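This report concerns only the one structure given below.
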Amino acid sequence: MTPNSGTGTSATRRLGVLVIVLAIALALFGLRFSAEDVVQGSTVRIMYVHVPSIWTAYIAFILTAICSGVYLSRRQRSLAWDRVAGASAEIGVLFVAVSLVTGSLWGRLTWGTYWVWDARLTSTAFLFITYVGYLAVRRLDGTHRQRARRSSVMALLAILEIPLVHFSVNLWRSLHQDASVADPNAKVKLDGLMLFSLFLGLVTFTLLFVWLVLHRQRTMLLEDSFADRGLDVAIAERRNEAGAQ
Amino acid sequence: MSSMKSRRTIALAVARKDVSIELNSRILTNQVAPFAAIVMVMFAFALDNEGILQRVAPGLMWLATLFSMLIVVQRSFTVESADGALDALRVAGVDTGAIFVGKSLALMVQLFVLEILLLATAVVLYGVEMTAVGLLEAFVTMVVATAGLGCVGTLYGGLAAGAKGRETLLPLLLLPVVAPVLIGATRATEAAFGSGGTAVSEGWPWIGLLAVFAVIFAVAGTVAFGPLVDE
Amino acid sequence: MDSVIELNDVVAVLGQFPALAGANLRVSRGEIVLLQGPNGAGKTSILRVCAGLLPIERGSGRVLGIDLVTQRDEVRSRVGLLGHSNGLYLDLTVEQNIRFWASMVNATEEEIVRAMSLMRIDGRLSSVKTARLSAGQRRRCALASLIVRRAEIWLLDEPHAGLDAQGRDELDSVLRHAVSAGATIVLASHEMERASALATRVVTVDGGGVQ
């Protein structure tokens with residue numbers, strides 16, 4: 001890679017343009033063309049951001065787990081897998097945050113409160129914290145390979161942990177009949193156009209995710225090779241230092 | 001060097017070593033246990049109502065266990081890194097799975113002692129009353145929950161043990177993972193205590209959840225501990 | 001010649017710092033090799049690479065014919081490293097420490113007793129917590145655990161540090177004894193006169209490389 005090359009290629013640029021067009025379309029469909037909900041009125045429109053963002057977060061974490069597994073299982077361990085895993089987790093954390101914020105705003109409008117101890121909400125919060133921890137592990141000192149091995153193991157442990165947390169939180173909430181405010185989507189009767197807008201949201205967010213991951217993992221590649229180049233310089237200096245004496 | 005002994009022997013030797021360290025230094029009995037007890041007292045200050053205390057006693061007991069556990073786990077790896085002993089074990093090619101099992105066992109023993117103490121504190125301070133079956137259930141809950149906590153604590157403690165500045169990472173990594181234990185153990189203990197009119201029989205499914213947790217992390221830990229501590 | 005250690009242009013990294021920038025080293029069986037050089041030259045890193053503790057980033061290396069890049073784990077059980085730290089449990093007594101290490105390998109009771117008396121940590125000292133020992137006493141304790149483990153290659157970082165005159169003499173005789181029993185020794189030391197009297201060969205390390 002030449003030193004001044006960016007993180008984009010013509011393919012990612014086209015993808016980026018497509019995402020922008022889709023995002024505009026989503027805004028039009030979500031905010032204008034689609035109907036209000038009978039019960040919730042206009043607040044239902046949060047759904048077109050809320051649902052796609054949690055969907056994208058799940059895709060991101062699944063991708064992280066798969067890449068981590070591939071990284072560890074290959075004989076010739078390629079750091080590319082680790083970088084995709086890391087990029088995907090970062091963007092996943094971003095989208096979980098978006099879905100938590102939009103969810104809680106939506107909750108405020110429909111339930112009158114920002115937070116209820118709903119099973120899904122609670123386990124989503126745990127999902128968020130778990131991957132914040134994963135990102136913290138990625139930032140620990142060490143060589144690229146140490147980082148890759150540690151974080152891959154962490155990613156695989158996370159997918160063991162998440163079902164356990166989800167299951168136990170569900171079991172916990174199932175004891176409290178009164179709290180079954182369930183999620184608001186259930187009450188929404190989706191007509192054709194609303195359903196279309198929702199799918200449009202899923203497609204848009206998924207493509208946005210792909211675009212972000214492509215760029216982020218290339219930034220990481222540049223960071224890694226920058227560090228490697230720094231190492232080359234340091235090695236050369238160290239050799240000179242030895243030669244000078 | 002002579003051939004390594006079996007994994008089981010090494011695991012037991014590591015566990016015995018950690019228990020000897022505790023017997024020699026008395027950190028658990030002289031520092032952690034009083035800390036756990038004062039936490040229980042502080043809860044009473046915060047929730048200034050005897051009825052509430054009795055109702056939430058199980059949750060407080062397990063919260064105090066988790067907080068104390070963070071200290072015990074950190075201590076368990078400080079003794080390893082203080083003079084490079086864990087490095088020495090790695091250089092000696094000692095099986096990391098066996099080290100994991102050994103350290104987990106020692107951690108379980110220490111946590112169990114702590115939990116007995118916290119249970120007694122709950123009975124004395126929060127006015128908890130138990131039937132014989134309830135006591136048995138509380139005991140089984142403690143054994144099974146401790147098995148899970150020991151494994152998961154050793155696993156993440158090992159990762160956080162390495163270089164400086166990692167100690168602060170332990171609570172962030174560990175607490176979300178042990179959420180199922182907090183939920184399961186609290187519900188099972190509520191059943192054992194009969195808090196809020198819960199029947200003793202309602203606790204057993206939760207003990208099942210705790211057992212699943214323990215088995216999963218015992219297996220995962222044996223496999224994952226090596227890559228996490230080794231670099 | 002029978003090479004037990006072979007490093008070819010090894011680069012090893014600590015964080016992003018090249019601790020070794022192209023180190024070459026060849027050690028034959030039965031040698032006592034002294035690594036000398038200023039602080040930060042990479043002596044410790046060479047020992048840690050040979051022990052399979054520090055991974056080789058570039059270059060290649062073999063210890064006892066085992067590849068250091070791919071089979072680091074197998075190297076470990078056959079070498080003994082005494083680094084800056086002693087690898088002791090400070091809250092255990094001297095004897096508990098030695099017995100713990102003995103239980104990691106199949107050391108006999110006789111070997112334990114012999115190692116402890118050789119390092120003069122038997123008797124009254126054996127029941128003292130290692131945290132209360134002087135630096136030199138801890139060093140002797142660490143060496144005793146190395147003897148118990150019967151390592152084929154001894155990698156010693158500043159083994160003389162903290163030892164009194166008598167302790168140094170005894171250390172030297174232990175090392176000579178170990179070599180006659182088939183061990184190979186690589187040591188890094190600032191105690192030039194003493195160490196070079198002991199060593200069969202002196203190697204200069206500088207700037208993360210070996211001349």
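We did not get these values from a lab; they are worked out from the coordinates using the rules stated. Only a predicted model underlies this, so the values are computations on that prediction, with no experimental measurement involved. Cβ: placed from backbone, ideal geometry, glycine included. Neighbour counts: every protein chain shown.
Annotations
- Projecting the Cα atoms of C:7, C:133, A:107 onto the charge dipole of the protein assembly as shown (Cβ charges, centred on the Cα centre) puts C:7 farthest toward the positive pole.
- Between the alpha-carbon centres of region C:173-188 and region C:1-53 there is a gap of 18 Å.
- Nitroxide proxy distance, nm - points 7 Å out along Cα→Cβ at residue C:124 and residue C:108: 3.2
- Take the Cα of residue B:133, step 7 Å toward its Cβ, do the same at residue C:2, and the gap between the two points is 7.2 nm.
- Comparing B:99, B:146, B:77 along the charge dipole axis of chain B, the residue lying farthest to the positive side is B:99, per the Cβ-charge model.
- The string of couplings for region C:58-64 from the Karplus curve (6.51, -1.76, 1.60, θ = phi - 60°) is 9, x, 9, x, 9, 10, 6 Hz, one whole number per residue in order, with x for Gly and Pro.
- Each of B:90, A:173 was scored by other Cβ atoms within 10 Å of its Cβ. Arranged with the fewest first, they read A:173, B:90.
- A straight line joining the Cα centroids of region B:6-55 and region B:67-144 runs 7 Å.
- Rh by Kirkwood over Cα pairs, then Stokes-Einstein D for region A:1-55 at 1.567 mPa s and 4 °C, µm²/s: 94
- The protein assembly as shown - share of DSSP beta bridges that are antiparallel (%, nearest 5): 55
- Summarising the amide proton neighbourhood of residue A:35: residues at separation of 5 or more, or on other chains, whose placed amide H is nearer than 5 Å comprise A:194.
- DSSP-assigned coil residues among trypsin sites (Lys or Arg not before Pro) in region B:162-231, each with at most 12 further Cβ atoms within 10 Å: B:164
- Distant-in-sequence amide H partners of residue C:204 (H built 1.01 Å from N, under 5 Å): C:36, C:211
- Only helices enter the 222 nm calculation for the protein assembly as shown: every DSSP H run of n ≥ 4 contributes -39,500 (n - 2.57), and dividing by all residues gives -22000 deg cm²/dmol, rounded to 500.
- Peptide B:176-186 has a mean shielding of 6, counted as Cβ atoms of other protein chains within 10 Å of each residue's Cβ.
- Low-density loop cleavage sites - trypsin sites (Lys or Arg not before Pro) in region A:74-132, where at most 12 other Cβ are within 10 Å (DSSP): A:74, A:75
- Assuming charge only on the beta carbon of Lys and Arg (+1) and of Asp and Glu (-1), the dipole of region A:1-148 about its Cα centre is about 640 debye to the nearest 20.
- Convex hull volume of the Cα atoms of region C:86-149, normalised per residue: 65 Å³.
- Around residue C:33: net Lys/Arg minus Asp/Glu count, Cβ-Cβ under 12 Å: +3
- Counting only Cβ charges, +1 for Lys and Arg and -1 for Asp and Glu, the dipole size of region C:86-149 around its Cα centre is about 320 debye.
- When A:168, C:127 are arranged by Cβ crowding within 10 Å, least crowded first, meaning fewest neighbours, the order is C:127, A:168.
- Over region A:42-102: Kirkwood hydrodynamic radius from C-alpha pairwise inverse distances, Å: 12.3
- More than 26 Å apart - percent of Cα-Cα pairs taken over region B:7-229: 35
- Shown for B:21, A:129: other C-beta atoms within 10 Å of each C-beta, ranked fewest to most, produce the order A:129, B:21.
- Per-residue 3J(HN,Hα) values for region B:134-150, derived from phi via the Karplus relation 6.51 cos²θ - 1.76 cosθ + 1.60 with θ = phi - 60°, read x, 4, 4, 5, 4, 5, 4, 4, 5, 4, 5, 4, 5, 4, x, 4, x Hz in sequence order (x marks Gly and Pro).
- Kirkwood hydrodynamic radius of the protein assembly as shown, Cα pairs, Å: 28.4
- Area projected by the alpha carbon convex hull of chain A, averaged over all directions, nm²: 17.2
- Student exercise, the protein assembly as shown dipole from Lys, Arg, Asp, Glu Cβ charges, in Debye to nearest 20: 1020
- The HN-Hα couplings worked out from phi for region C:110-123 by the Karplus form 6.51 cos²θ - 1.76 cosθ + 1.60 (θ = phi - 60°) are 4, 5, 4, 4, 5, 4, 5, 6, 4, 8, 6, 10, 8, x Hz, whole numbers, x standing for Gly and Pro.
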